[in-house]
Amino acid sequence: MTRHAKPSAPIRIGTRQSPLAMAQAHETRARLCAAHGWDESAVELVPVRASGDRILNQPLADLGGKALWTKELDAWLAQGHIDAAVHSMKDVETIRPAALTIAAILPRADVRDVLIGASSITGIPQGARVGTSAPRRAAQMLYRRPDCEIVMFRGNVASRLAKLAAGEADVTLLAAAGLERLGRTGTGTPLAVDEWLPAPAQGAIGIECRTSDDTMRQILAEIDHAPSHTGVMTERALLAALGGNCHSPIAVLSAVDGGQITLEAALYSPDGAEHISGQSVFDVTDHDGPARLAADLLGRASASITAYFNGPASDGAFGHS
């Protein structure tokens, strides 16, 4: 471990203002200070209200996709108002500006989705309304339960739980990691990954800085969790190889074991009527592994699926999941 002296001025870490984003920023600050032997005054948290937090009455995919979570923080980084930004990695566009670098991934938390309002997928009442704005969750649910109705559900964890309690939907799905970080463990039923794959990079917190800022990259490197970093970047590489738009329903999970990665993915048509899945095992040094799996999946997928996946050289604007 390479400890850095306490900076003469506080390191400014940008974050969205939502309760979950703030919890993730506090975790980042705690890990940074512990790694370098600093007190909390060495790191200042700088909240910004993201566009995605302001516009809650429309599906994110119709408004510009994941950039709504990152564009304000990107601008503040570029302008030097902050030194680093904390992100939920599943909300970060697959293709990022070259001027920015994801310098650290914290140890990945529980990757599972949690079902709230029923004890299992099969236990959801016939014809129930499922509240979600995520193309992945909607397609997965319709694949498993075509009798259900999808209703648009956006907002932070507390607001979505309040909407559920108010009867705007019968069940909903939330990320286990988010519930845990907000102290809401025990809420709902976690869905096993062998029956319900999560979103790419779900449960992972990433810290981004300017590519040209060598000092900040070194400081952040001390809290980087290598297995989590490898897994998240592998999942993001698969997304890049598949291509897509804000409406592309995809579920992915990687497992890093020593020098090997197991990568599993499923692609869906938005209505859940069609799906294709596959798995690949390759060395962590094999950077072509994700692209091979992507080619296999697209080669076997029906037109109702491939219409939502454009292959390599996409703009990377995958939908919020």
Using the structure shown, decide if residue 273 is at negative phi and modelled with pLDDT under 95. no
Just checking, does the range 31-44 include any residue being outside any helix (DSSP H, G or I), small (Gly, Ala, Ser) and in the same structural domain as residue 218 (by TED's automatic domain parsing)? yes
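Answer yes if at least one residue in the range 165-172 is touching a His at 6+ places or on another chain (Cβ under 6 Å) and not in a helix (DSSP H, G or I), and no otherwise. Before the answer, list the steps.
Applying the first criterion (touching a His at 6+ places or on another chain (Cβ under 6 Å)) to the range 165-172 yields none.
No, the conditions are met nowhere in the range 165-172.
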Any residue at all in the range 107-130 that's among the polar types (S, T, N, Q), part of a loop (DSSP other than H, G, I, E, B) and touching a strand residue (DSSP E or B) at 6+ places or on another chain (Cβ under 6 Å)? yes
Quick check, is residue 15 outside the structural domain of residue 182 (by TED's automatic domain parsing), at pLDDT below 85, closer than 30 Å to residue 131 by Cα and not charged (D, E, K, R)? no
Going through the range 248-264 in order, the residues found to be farther than 11 Å from residue 143 by Cβ and part of a strand (DSSP E or B) are 250, 252, 253, 254, 255, 256, 257, 260, 261, 262, 263, 264
Kindly establish whether residue 228 is under 20 Å from the mean Cα position of the chain (by Cα) and within 30 Å of residue 7 (Cα to Cα). yes
Looking at (1) surrounded by fewer than 24 Cβ atoms within 10 Å (Cβ to Cβ); (2) more than 26 Å from residue 29 (Cα to Cα), which one does residue 249 not meet, given that it meets all the others? (1)
Residue 165: passes all of (1) more than 20 Å from the chain's Cα centre (by Cα); (2) buried (at least 17 other Cβ atoms within 10 Å of the Cβ) but (2)
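Which of the following residues is hydrophobic (A, V, I, L, M, F, W, C), over 23 Å from residue 188 (Cα atoms) and modelled with pLDDT of 90 or more: 35, 50, 109?
Numbers: 50 fails: modelled with pLDDT of 90 or more; 109 fails: over 23 Å from residue 188 (Cα atoms).
It is 35.
Could you list all residues from the range 140-157 that are closer than 28 Å to residue 16 by Cα and buried (at least 22 other Cβ atoms within 10 Å of the Cβ)? Walk me through it before giving the result.
Looking only at the range 140-157, we keep the residues that are closer than 28 Å to residue 16 by Cα, and these are 150-157.
Within the range 140-157, 153 is the sole residue that qualifies.
Which one is nearest to residue 202 (Cα to Cα), of the residues in the range 120-140 that are without any contact (Cβ under 8 Å) to a residue 60 or more places away in the chain and under 19 Å from the mean Cα position of the chain (by Cα)?
So the residue we want is 132.
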Mind checking which pairs have a first residue in the range 100-119 that is closer than 18 Å to residue 24 by Cα and crowded, with 19+ Cβ neighbours inside 10 Å and a second that is modelled with pLDDT of 95 or more and of a type in the set (S, T, N, Q), Cβ under 6 Å, 6 or more apart or different chains? 105/228; 108/228; 111/202
If the requirement is being part of a strand (DSSP E or B) and either buried (at least 18 other Cβ atoms within 10 Å of the Cβ) or not assigned by TED's automatic domain parsing to the domain that holds residue 37 (or both), which of these qualifies: 267, 220, 239, 293? 267
Considering residues of the range 1-32 that are within 18 Å of residue 225 (Cβ to Cβ) and of a type in the set (Ser, Thr, Tyr) only, the residue surrounded by the fewest Cβ atoms within 10 Å (Cβ to Cβ): 2
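Of all residues in the range 205-217, count the ones that are small (Gly, Ala, Ser) and crowded, with 19+ Cβ neighbours inside 10 Å.
Kept after step one, since they are small (Gly, Ala, Ser), are these residues of the range 205-217: 206, 212.
Okay, now just the ones that are also crowded, with 19+ Cβ neighbours inside 10 Å, so 206.
Of the residues in the range 205-217, 1 are small (Gly, Ala, Ser) and crowded, with 19+ Cβ neighbours inside 10 Å.
Does at least one position in the range 222-230 carry a residue that is touching a helix residue (DSSP H, G or I) at 6+ places or on another chain (Cβ under 6 Å) and either over 24 Å from residue 82 (Cα atoms) or touching a residue at least 40 places away in the same chain (Cβ under 8 Å) (or both)?
There is at least one residue in the range 222-230 that is touching a helix residue (DSSP H, G or I) at 6+ places or on another chain (Cβ under 6 Å) and either over 24 Å from residue 82 (Cα atoms) or touching a residue at least 40 places away in the same chain (Cβ under 8 Å) (or both).
Could you say whether any residue in the range 236-257 is at positive phi and in contact (Cβ under 8 Å) with a residue 12 or more places away in the chain? Walk me through how you get there before you give the answer.
Taking the range 236-257 as the starting set, the residues that turn out to be at positive phi are 243-244.
Keeping just the survivors that are in contact (Cβ under 8 Å) with a residue 12 or more places away in the chain gives 243-244.
Within the range 236-257, one or more residues are at positive phi and in contact (Cβ under 8 Å) with a residue 12 or more places away in the chain.
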Out of 117, 127, 65, report the one residue that is at pLDDT below 95 and under 18 Å from residue 152 (Cα atoms). 65
Just the residues that are part of a loop (DSSP other than H, G, I, E, B) and touching a strand residue (DSSP E or B) at 6+ places or on another chain (Cβ under 7 Å), please, taken from the range 131-160. 132, 148, 153
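The values are calculated or read from the model by the stated rules, or taken from the named source; none is laboratory data. Everything quoted here is computed from the prediction, not taken from an experiment. Here Cβ is always computed from backbone atoms with ideal geometry, including for glycine, and neighbour counts include all displayed protein chains.
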